[in-house]
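The values are calculated or read from the model by the stated rules, or taken from the named source; none is laboratory data. As the structure is a computational prediction, the values presented were derived from the model and not from experiment. Cβ placement follows ideal geometry from the backbone for every residue including glycine, while neighbour counts extend to all protein chains displayed. Ligands, DNA and RNA are stripped out before the accessible areas are found, and what is left, the full protein with its side chains, is counted by its heavy atoms. Shrake-Rupley method; radii C 1.70, N 1.55, O 1.52, S 1.80 Å.
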Amino acid sequence: PPEPTDNLRTDPGAIKLASIDYGHIIKEKPFAVLYPTSVDDIRTLIYLSYNSLFSYTIAAKGQAHSTWGQAQANDGVVVQMNSLNRFRNGTGILISGDRSSGFYADVGGEQLWIDVLNATLTRGLSPVSWTDYLYPTVGGTLSNAGISGHTYQKGPQITNVLELDVLTGKGEFVTCSPQKDSELFYAVLGGLGQFGIITRARIVLGPAKKRVKWLRILYSDFSSFSTDQETLISTTGPSDKVMPDFLEGHLLMNQSPLDFYPQSQRRKITFLVNQYGILYIIEVVTYYDNKNEAKKVKQMLKSLKGFLPGFVFEKDVTYLQFLNRVHDQEIELRKKGLWDIPHPWLNIFIPKSRITDFDNGVFRNILLKRNFTSSTVLVYPLLRSKWDERMSAVIAAEEEVFYFVGFLDASADNWEAFDNKNKDILQFCVNAGIKFKQYLGHHATKEEWIIHFGSKWNTFQQRKTRFDPRMILSPGQRIFNY
């Protein structure tokens, strides 16, 4: 491995920080940690590994908002990407473009999405596709996909990128786009860090509205809930049909906080949860600047059939407050010491044709019967046509509509119980013949990764051979370094 220098550290503090992530489940110690002062520092590190007799592995670490050690490098070198921010002199986020050709932001891979949002809002602009949590890095989410309630309409974050600067596993610095070095461009987006380190991304921007109508609509019945979600995202229907700017769904079970709902209604909601076991919530949002636009919400509700009458709740907040909503929860959890604890998460894509079977087999049979009712569980539909097949990211089945389901557990003392529950969920899908795909997942063997990538595996492998032939990058994913 390389010799320690001023910005290549081997002290216990640096090593410890680089061997943990948000998941707090896997802890692998690197040999050293690079705190780059320029992109060139990273290029040199990769180049030396690529050209040495005994290459060492390298993992780019942003916020390490991963749950199974994906940003770690056992006995390798972790690159602390946010160190670049100190040397950018304010050039980490640059906004360009005009009304006719469109606006975009050139953003360092180490930048946080919250900082991108704050910078673009000063110009009345905003990225068009988001994740629910704004504190991961741009390079981090683009290496996966970047999804939320905006995805059904705007596509995942990876489909809203115009250009990338990438350091490949050979130490080559490449500017790529759909027109130039397109193979690398499509490989890197959703590529789990296997082909290169993103040092800059050109992100599509659109006009930012000022305010948000934020609704939660309660259902006691899963099929009404899923049918209404599908109605909301469907592009067919009357010509004056209003599409939400954001649509997600989640389960309300006995431990869920009720802060969103008026005090006067909380006892009624708790009574309904006890009666039905699970309430299903559709969360829809409309962005607006004036009163007329705000009225769109009423029109949207007309198309819905199956919600519980009288159980539609509304908040009116700023655009920033809505997008940054998870941060408030983070502050509370940090105060209680419940942030830096194990997070045995499971995120999966499920074909629309099997989502009712999934409700019966998983929500009803596994979560309710075995009393896993404290979890945050997200469930909402996405559209296949909003994804780009040329990119490395994989999604479920061949159906146009598929569902994202996220089990976002945290456990201070018994994470294995939740992990075993997740394994049972996956086993249920296997036994029932449900063609699911994991998102942000981890696989124990190369065979499992081959199944994960399916028809994309050969392309994925060829791209690895081309852009990172010595298998230096992102060993924590355990795709080629298992």
Counted residues, region 334-377 - those being hydrophobic (A, V, I, L, M, F, W, C), under 25 Å from residue 150 (Cβ atoms) and out of contact with any Leu (no Cβ under 7 Å at 6 or more places or on another chain): 6
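Among the residues of region 240-288 satisfying the criterion of being acidic (Asp, Glu) and within 28 Å of the chain's Cα centre (by Cα), which is nearest to residue 312 (Cα to Cα)?
Of region 240-288, the ones acidic (Asp, Glu) are 240, 245, 248, 259, 283.
Remaining after also requiring within 28 Å of the chain's Cα centre (by Cα): 245, 248, 259, 283.
On the way: 245: 18, 248: 15, 259: 15, 283: 10 Å.
Step by step, filter region 240-288, then rank; the result is 283.
Evaluate the following for residue 481: is it within 22 Å of residue 142 (Cα to Cα) and at pLDDT below 95? I'd like the intermediate steps shown before the answer.
Working: within 22 Å of residue 142 (Cα to Cα): yes; at pLDDT below 95: yes.
Yes.
Identify, from the list 334, 354, the residue that is among the basic types (Lys, Arg) and closer than 30 Å to residue 427 by Cβ. Don't jump to the end; show me each part of the working.
Working: 334 fails: closer than 30 Å to residue 427 by Cβ.
Answer to the selection: 354.
Take residue 407 and decide whether it is within 26 Å of residue 482 (Cα to Cα) and open to solvent by less than 10 Å² (accessible area, probe 1.4 Å).
When the stated conditions are applied, residue 407 passes them.
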Of the criteria (1) touching a residue at least 40 places away in the same chain (Cβ under 8 Å); (2) loosely packed, with under 14 Cβ neighbours inside 10 Å, which one residue 307 fails: (2)
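If you check residue 16 against the conditions, is it under 27 Å from the mean Cα position of the chain (by Cα) and loosely packed, with under 15 Cβ neighbours inside 10 Å? If you could, list the steps in order and put the result at the bottom.
Working: under 27 Å from the mean Cα position of the chain (by Cα): yes; loosely packed, with under 15 Cβ neighbours inside 10 Å: yes.
Spelling it out, residue 16 is indeed under 27 Å from the mean Cα position of the chain (by Cα) and loosely packed, with under 15 Cβ neighbours inside 10 Å.
Based on this model, can you work out whether residue 148 counts as of a type in the set (Gly, Ala, Ser), surrounded by fewer than 17 Cβ atoms within 10 Å (Cβ to Cβ), modelled with pLDDT of 95 or more and under 30 Å from residue 233 (Cβ atoms)? Don't jump to the end; show me each part of the working.
On the way: of a type in the set (Gly, Ala, Ser): yes; surrounded by fewer than 17 Cβ atoms within 10 Å (Cβ to Cβ): no; modelled with pLDDT of 95 or more: yes; under 30 Å from residue 233 (Cβ atoms): yes.
Considered against the rule, which asks whether it is of a type in the set (Gly, Ala, Ser), surrounded by fewer than 17 Cβ atoms within 10 Å (Cβ to Cβ), modelled with pLDDT of 95 or more and under 30 Å from residue 233 (Cβ atoms), residue 148 comes out as no.
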Conditions (1) under 23 Å from the mean Cα position of the chain (by Cα); (2) part of a loop (DSSP other than H, G, I, E, B); (3) not hydroxyl-bearing (Ser, Thr, Tyr); number of the one not met by residue 307: (1)
